[in-house]
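Novice: Handing you this structure, nothing more for now.
Any read-out appearing in this document is the output of simple, stated calculations on the displayed coordinates, not a laboratory observation. What you see is a predicted model; the values in this text were computed from it and never measured. Cβ coordinates were reconstructed from backbone atoms using ideal geometry, including for glycine residues, and neighbour counts include every protein chain displayed.
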Number of protein chains: 2
Amino acid sequence: MAKGASISGFPEWLPSERVVEQRVIDTLRSVFELNGFIGIETRAVEQGSSLLKKGETSKEIYLLSRLQEVGHESDTPIEDRLGLHFDLTVPLSRYVVEHSGDLAFPFKRWQIQKVWRGERPQEGRFREFVQADIDVIGNGDLPDHYEVELPLVMVSALERLREFGLPKATVHANNRKLSEGFYRGLGLTDIEGVLREIDKLDKIGADEVARLLVEGCGANEHQAFACLELAELTAADGAELAEKFDALCAKHAITTDSDAYALARQGLDTLAMIVDEAARIRPGSVIADLKIARGLDYYTGSVYETFLDGAAALGSICSGGRYDNLASQGSRKYPGVGLSIGLSRLVSYMLHTAGAHANRVSPASVLVAVWNEADRSACNVIANQLRARGIAADVAPTAAKLGKQIKYADKLGIPYVWFPADAAEDGAGDEVKNIVTGDQQAADARSWEPDTVYARQTVTVEA
Amino acid sequence: MAKGASISGFPEWLPSERVVEQRVIDTLRSVFELNGFIGIETRAVEQGSSLLKKGETSKEIYLLSRLQEVGHESDTPIEDRLGLHFDLTVPLSRYVVEHSGDLAFPFKRWQIQKVWRGERPQEGRFREFVQADIDVIGNGDLPDHYEVELPLVMVSALERLREFGLPKATVHANNRKLSEGFYRGLGLTDIEGVLREIDKLDKIGADEVARLLVEGCGANEHQAFACLELAELTAADGAELAEKFDALCAKHAITTDSDAYALARQGLDTLAMIVDEAARIRPGSVIADLKIARGLDYYTGSVYETFLDGAAALGSICSGGRYDNLASQGSRKYPGVGLSIGLSRLVSYMLHTAGAHANRVSPASVLVAVWNEADRSACNVIANQLRARGIAADVAPTAAKLGKQIKYADKLGIPYVWFPADAAEDGAGDEVKNIVTGDQQAADARSWEPDTVYARQTVTVEA
């Protein structure tokens, strides 16, 4: 991150770092489009009423006021004020309802945009950052095969990001119906409460969670222990998942003909479908992990978190789930499935831990040298001839000594310096020098091509 | 614009419209990079003190407050609060000073980002919109040839946008030093006041401007008339400009050995260089137009506005100039030259006046049909084979009747529907149908290629 960024929580990249972020964004966009997702951008602001309605982060809002309103902000209720969106899911829900007549359903969209969290400033937390989301929204209903496909699209996207130093990613999936059915089978009723405590498992440990379940969610010790047993369950395929789950149900006397089991089984079947299809397409990319709860209150089916090998400290880098009740219009519902990548944190990891870096700061392949200012117009012509053929070119800032011009190219990482023919030297033509290899040769701006390896700005990872 | 967008001044595009905006952004980025500009993104917020300092728009700020601070906003002075940036020039100045040790100068950067104006809502005014800027910033000094090159980069960028329906653009250039020297030569001293009134010429007419110059800027009728005469001066080349200007000076007894004339001549020489170099590279793209004043107080040399043929109502679509005093650190100055395109208004014009439209909503070229849900996994394999070769593909949402699946493809503008081999029909292989032409043929997902004309999402303009 740029040193000395003057406002805590608002990261800003140096130009060479921005190259990495831009490549990551370009890569995600291309994967999303390859999978038929449609790009949209929503406005940065939503009504306060819409922001306050849903989500764990709805307490971390930045509200806006016009300069002219300062001192009178409180005249307007928060619900009627404008605020910056804290995620891209709430805006999507609003967008889909607002424009439902103009959209084809199921509506598959990608969206890469900044979001803001009005948190207290604290070390390592971003208050402005970029999210990269895919969601599919149905009109009335939505087939559950999307709960399989969307995490797999994210897996293929994250796979592509390994060229920028990202370790292998594994999606951990669970299903709210499975958890709820099991909890109900145990005789528990405060389902949201139990999920909220289970979500803390990695942070505070099993003993503490058990205590909270007993003290706050009406569980006895046996029930609390059973919830923790469920949370420990993982499986790489559907058969293993069903076997382990049924054993647990048997142990806790949840009978297979109960309503609770039927609900759990519905969730289990979807989860089994996810891991089995993932195993066919990308073995090892998705596992069933029954401790995944997700803090957000709006998920109703599958929930996902994604972890990177050897980067546990980062936490989940791509999360989401199925939400059936986030968007509605009268009695019509718009159920959705979506996942969101916290892109700024990923880029930060690539830059500072994985050693991703741009091969050069400038997009230009060539710097055209200027012998004296009177020749500048001719130098512009050369640069334009290169640009017309897709070769990015810059022209030296001043007719300084050649050494200084080469130093400027070197500082920007521009690999070639172009020497226009010196009008004074009879018969000599243009030459171009690769300042990396030292190779220099005669060249014509209407036909010369850079060597492939020097032709483009690229991102590589330190060995 | 999306119908019924529920907050006035915050435009939001429908998916097919967003395709056009995205193409415009991609095109501008590619032109900027071809010219060696480096992409950066600055945070959306700046300190209030920084936003209040400069620029005509500094009265149109959105300030932020955290939800937890509501009711206590006034405890913090505006200077210490955070606000959304209203342009990309003020953030650039701050960024350059903050990171000067990490940048190579002159620093040429492009930046395409949203900006916000905390205006009262009114018809046709955007409060959130995208700007596309290029600037070059020097460390200590900055050669004036950049005052020629930057408008020419914008001209070539706007030229590329003609494929999306933009009419021919002409940059109208002036120079503050030329105007100031002339006004001083007339004996006027309130230079900023005169520039401010001259800037209103197109809106309120010459008589009214003359009245304001006399009443508010200390001009007599003769001086006011002379200012208006200067504002009427236009020229297509440097020689014509010098000739007309010298004639005007002679008429008003401004002698060529005066300090005022020397100042004016400095501006004139730069302006002549601009129009002459432009005439060599792109004849007719830049003219000298001495009524261009620009409202912003920070310009010190060249100023530019850009108008589209036959779209006078749009006003200037790309404006800027040279600013020597916007950024500084102690006694060190960072002079700059830059231009900014108001991108959202341009896209609105392309969509609603020029008839630009996407050939399809979905980026997918192919929809793989699903005969029944049990085959979905095999359909995913086909789609993945296509994607692996760069062909964007979607899979039908449900195993509905074929007609319904084709209708879904049609609604999204997906040109091909893929029919997987029916396991029931012995020996029959996959087929693919172009639903635009009706052509249907045997195909293998590992080798088939779409016809070029149907391969990509493109933007065309109605005849």
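Novice: Taking the Cα centre of the protein assembly as shown as origin, sum charge times position over the Cβ atoms of Lys and Arg (+1) and Asp and Glu (-1), and report the length of that vector in debye to the nearest 20. Provide the component values of the computation, followed by the final result.
Specialist: On the way: 100 positive and 136 negative charges, 41 e Å.
Using Cβ point charges on Lys, Arg, Asp and Glu, the protein assembly as shown gives about 200 debye.
Novice: Under the rule a/c < 1.5 gives rounded, and otherwise a/b versus b/c splits prolate from oblate, where does the range A:60-164 land using the Cα gyration tensor? Mind dumping the intermediate values first?
Specialist: Details: a/c = 3.25, a/b = 1.46, b/c = 2.23.
Because a/c hits 1.5 or more and a/b fails to exceed b/c, the range A:60-164 counts as oblate.
Novice: OK, next. Taking the label point as lying 7 angstrom from Cα along the Cα-to-Cβ axis, what are the distances from B:Ala313 to the corresponding position in the remaining copies, in ascending order and in nanometres?
Specialist: 6.0
Novice: If you don't mind, there's one more thing I want to ask. Just to check I understand the Karplus step: with θ = phi - 60° and J = 6.51 cos²θ - 1.76 cosθ + 1.60, what whole-Hz values come out for the range A:72-86, glycine and proline as x?
Specialist: Computed from phi, the couplings for the range A:72-86 are 10, 3, 6, 5, 9, x, 3, 4, 8, 7, 9, x, 7, 5, 9 Hz.
Novice: Place +1 on the Cβ of every Lys and Arg and -1 on the Cβ of every Asp and Glu in the range A:247-365, take the dipole about the Cα centre, and give the residue among A:Ile287, A:Tyr334, A:Ser258 whose Cα lies farthest towards its positive end.
Specialist: Towards the positive end, the residue furthest out is A:Tyr334.
Novice: What is the sum of charges around A:Gly138, taking Lys and Arg as +1, Asp and Glu as -1, for the other residues whose C-beta is under 14 Å from the C-beta of A:Gly138?
Specialist: -1
Novice: Please state the charge dipole magnitude for the range B:169-308, taken about the Cα centre, from unit charges on C-beta atoms (+1 on K and R, -1 on D and E), reported in debye and rounded to the nearest 20. Intermediate results must be reported in sequence, preceding the final value.
Specialist: Details: 14 positive and 24 negative charges, 47 e Å.
It comes to approximately 220 debye.
Novice: Residue by residue through the range A:364-374, what is 3J(HN,Hα) from phi via Karplus (6.51 cos²θ - 1.76 cosθ + 1.60, θ = phi - 60°)? Round to whole Hz and write x for glycine and proline.
Specialist: 6, 8, 10, 10, 7, 6, 10, 6, 8, 4, 5
Novice: Once the dipole of the range B:367-461 is set up with Lys and Arg at +1 and Asp and Glu at -1 on Cβ about the Cα centre, which of B:Ala392, B:Gly429, B:Ala445 lies farthest towards its positive end?
Specialist: Toward the positive end, the furthest listed residue is B:Ala392.
Novice: Continuing with this model, one more query. So, R0 is 35 Å and r is the distance between the beta-carbons of A:Ser258 and A:Ala236; what FRET efficiency does that work out to, to 0.05?
Specialist: Once rounded, the FRET efficiency stands at 0.80.
Novice: Same structure again: Could you tell me which trypsin sites (Lys or Arg not before Pro) in the range B:396-449 are loop residues by DSSP with no more than 13 other beta carbons within 10 angstrom of their beta carbon?
Specialist: On the way: sites: B:Lys401, B:Lys404, B:Lys407, B:Lys411, B:Lys433, B:Arg446; in loops: B:Lys401, B:Arg446.
Loop-located and lightly packed - B:Lys401, B:Arg446.
Novice: Net charge near B:Val459, counting Lys/Arg +1 and Asp/Glu -1 over other residues with Cβ under 9 Å of its Cβ?
Specialist: Overall, the nearby charge balance is 0.
Novice: About the Cα centre, and with charges only on the beta carbon of Lys, Arg (+1) and Asp, Glu (-1), how big is the dipole of the range A:235-327? Nearest 20 debye, please.
Specialist: Dipole about the Cα centre, nearest 20: 180 debye.
Novice: Let me ask you something else. Within the range B:367-461, what percent of beta bridges assigned by DSSP are antiparallel, to the nearest 5?
Specialist: Details: 7 of 11 bridges.
Within the range B:367-461, antiparallel bridges account for around 65 percent of the total.
Novice: Taking the rotation axis that maps chain B onto chain A, which residue of B brings its Cβ closest to that axis, and at what distance in whole Å?
Specialist: Nearest Cβ to the rotation axis, residue and whole-Å distance: B:Glu73, 3.
Novice: Residue by residue through B:382-389, how many Cβ atoms from other chains fall within 10 Å of the Cβ on average?
Specialist: 3
Novice: Please give the average number of partner chain Cβ atoms lying within 10 Å of the Cβ of each residue in B:103-111, rounded to a whole number.
Specialist: Mean shielding count: 4.
Novice: Quick one: label points 7 angstrom along Cα→Cβ at B:Gln68, distances to the other copies in nm, smallest first?
Specialist: 3.3
Novice: Can I ask one more? Can you give the net charge of the other residues whose Cβ lies under 10 Å from the Cβ of B:Asp439, counting K and R as +1 and D and E as -1?
Specialist: Around B:Asp439, the charge tally is 0.
Novice: Given axes a ≥ b ≥ c from the Cα gyration tensor, I'd like to know whether the range B:169-308 is rounded (a/c under 1.5), prolate (a/b larger than b/c) or oblate.
Specialist: Taking the square roots of the gyration eigenvalues as a ≥ b ≥ c, the range B:169-308 is oblate.
Novice: Moving on. Is there a simple number for the mean count of other chain Cβ atoms within 10 Å of the Cβ of residues in A:392-399, and what is it?
Specialist: Average neighbour count from other chains, rounded to a whole number: 4.
Novice: Let me ask something else. What residues from the range B:374-396 fall in the zone where the backbone N is under 20 Å from a label point 7 Å along the Cα-to-C-beta line of B:Gln441?
Specialist: Within reach of a label on B:Gln441: B:383, B:385-387, B:389-393.
Novice: While we're on this one: Would you mind listing the distances between the B:His352 label point and the same position in each other copy? Use 7 Å along Cα-to-C-beta, nm, one decimal, shortest first.
Specialist: The answer, with the shortest distance listed first, is 4.4 nm.
Novice: Given H placed 1.01 Å from N in the peptide plane, which residues other than close sequence neighbours of B:Ser302 have an amide H under 5 Å from its amide H?
Specialist: Placed amide hydrogens put B:Arg176, B:Arg322 under 5 Å from B:Ser302.
Novice: Another one. So if each residue of separation counts as 0.36 nm, and I subtract the Cα-Cα distance between B:Glu229 and B:Ala279, what length gain in nm does that give? Let's see the in-between values first.
Specialist: Details: separation 50, 0.36 × 50 = 18.00 nm, distance 2.49 nm.
So the chain would gain 15.5 nm between B:Glu229 and B:Ala279.
Novice: OK, next. Pull out a ≥ b ≥ c, the square roots of the eigenvalues of the alpha-carbon gyration tensor of chain B, then state rounded if a/c is under 1.5, prolate if not and a/b is larger than b/c, and oblate in the remaining case.
Specialist: Taking the square roots of the gyration eigenvalues as a ≥ b ≥ c, chain B is prolate.
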